[in-house]
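Peer 1: My questions will all concern the structure given below.
The values are calculated or read from the model by the stated rules, or taken from the named source; none is laboratory data. Only a predicted model underlies this, so the values are computations on that prediction, with no experimental measurement involved. Neighbour counts run over all protein chains shown; Cβ positions are idealised from the backbone, glycine included.
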Ligand SMILES: Cc1cc2nc3c(=O)[nH]c(=O)nc-3n(C[C@H](O)[C@H](O)[C@H](O)COP(=O)(O)OP(=O)(O)OC[C@H]3O[C@@H](n4cnc5c(N)ncnc54)[C@H](O)[C@@H]3O)c2cc1C
């Protein structure tokens, strides 16, 4: 008996990768959470249908380039976005965390660290109510597992908003040991959660020793079986922590989520650096 050949799928024309067009929004509130952390609330009709973001999800934020007074966006053509303006007017695009979204008022909160250099940080230094930006997303592959009972979190200030989103969803049956590295005591903020949390604030030991305190916290961590580890900070520091946990402690890669949120000396670090290289 001869095998029936497997049915071939009909040829398909590959469709171009479609991204949802960016949504224009207007700044409605600006406040300082800490001297170097600015909360910006935006709203707009185009946020209608903005998906409820999973914890630690990210957005693309589009800002007017330095020197421009308004935001121009590409036209949406049949083959994707088309840019018909001067190259110097292209928006600056950076990755941020949707800290909160309220569908009733279509209000999205984004928190910007003022780290000193870079167009997004500079924009957040001078942002005012009425400013227009655009957001695209949310995206990210993190799947929150509510059954996990123990968490070990380590983050620098760029990942404070993401830590906030995670602590917001932890149930009261969970416990979380949280290590945050910031510049100094002024940067410490409230991190409420229903879970049992212990938050340790580490002050950067020198201006450029990014993540060194988090690496030490990892070395002295008591990680019980079943603990989920989540780390987000400067990319090289994140890699050091990831290597330590997987190679020296022998923890399974499946117990860790590690993310490089920025890299020292590099502008616009990619949004998908999981350190799995
Ligand atoms: C998934 C994800 C979520 C993120 N969420 C947030 C968020 O909610 N809030 C937030 O503030 N950031 C967040 N970030 C980090 C943010 O994308 C970067 O800090 C980004 O580089 C800022 O853009 P910029 O234009 O200010 O600086 P860039 O032009 O990108 O960089 C200019 C210079 O500044 C340095 N730099 C960049 N970020 C920092 C920093 N945090 N501290 C010190 N030096 C830095 C760079 O190394 C470079 O030398 C997130 C990143 C990722 C990947």
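Peer 1: Could you list, in sequence order, all residues of region 41-58 that are over 20 Å from the mean Cα position of the chain (by Cα) and surrounded by 13 or more Cβ atoms within 10 Å (Cβ to Cβ)? Let's see the steps before the verdict.
Peer 2: Residues of region 41-58 over 20 Å from the mean Cα position of the chain (by Cα): 44-46, 48-49.
Listed by number, the residues that qualify are 44, 46.
Peer 1: Okay, next question. Can you pull out the residues in region 52-72 that are in a loop (DSSP other than H, G, I, E, B), within 10 Å of the ligand (Cβ to nearest atom) and in contact with a strand residue (DSSP E or B) (Cβ under 6 Å, 6 or more places away or on another chain)? Before you say what the answer is, go through the steps one by one.
Peer 2: First, pick out the residues of region 52-72 that are in a loop (DSSP other than H, G, I, E, B): 52-57, 64-72.
From the residues that got through so far, the ones that are within 10 Å of the ligand (Cβ to nearest atom) too are 56-57, 66.
Of everything in region 52-72, just one residue is in a loop (DSSP other than H, G, I, E, B), within 10 Å of the ligand (Cβ to nearest atom) and in contact with a strand residue (DSSP E or B) (Cβ under 6 Å, 6 or more places away or on another chain), namely 57.
Peer 1: With respect to the numbered conditions (1) at pLDDT below 95; (2) more than 15 Å from the ligand (Cβ to nearest atom), which one is the sole condition not fulfilled by residue 151?
Peer 2: It fails just one condition, (1).
Peer 1: Here's another thing I want to ask about it. Output the strands (runs of 3 or more DSSP E) that fall wholly within region 196-277 and possess 1 or more residues being within 14 Å of the ligand (Cβ to nearest atom) and touching a residue at least 60 places away in the same chain (Cβ under 8 Å), or say none.
Peer 2: Details: elements: 196-203, 227-234, 256-262.
Those strands (runs of 3 or more DSSP E) span 227-234, 256-262.
Peer 1: Here is a further query. Condition first: within 19 Å of the chain's Cα centre (by Cα), more than 9 Å from the ligand (Cβ to nearest atom) and surrounded by 14 or more Cβ atoms within 10 Å (Cβ to Cβ). Now tell me which residues in region 102-143 satisfy that.
Peer 2: Scanning region 102-143 gives 107, 108, 109, 133, 134, 135, 136, 137, 138, 142.
Peer 1: Name, by its number, the condition in (1) modelled with pLDDT of 95 or more; (2) not in a loop (DSSP other than H, G, I, E, B) that does not hold for residue 138.
Peer 2: For residue 138, the exception is condition (1).
Peer 1: Got at least one residue in region 237-255 being at pLDDT 95 or above and within 19 Å of residue 37 (Cα to Cα)?
Peer 2: no
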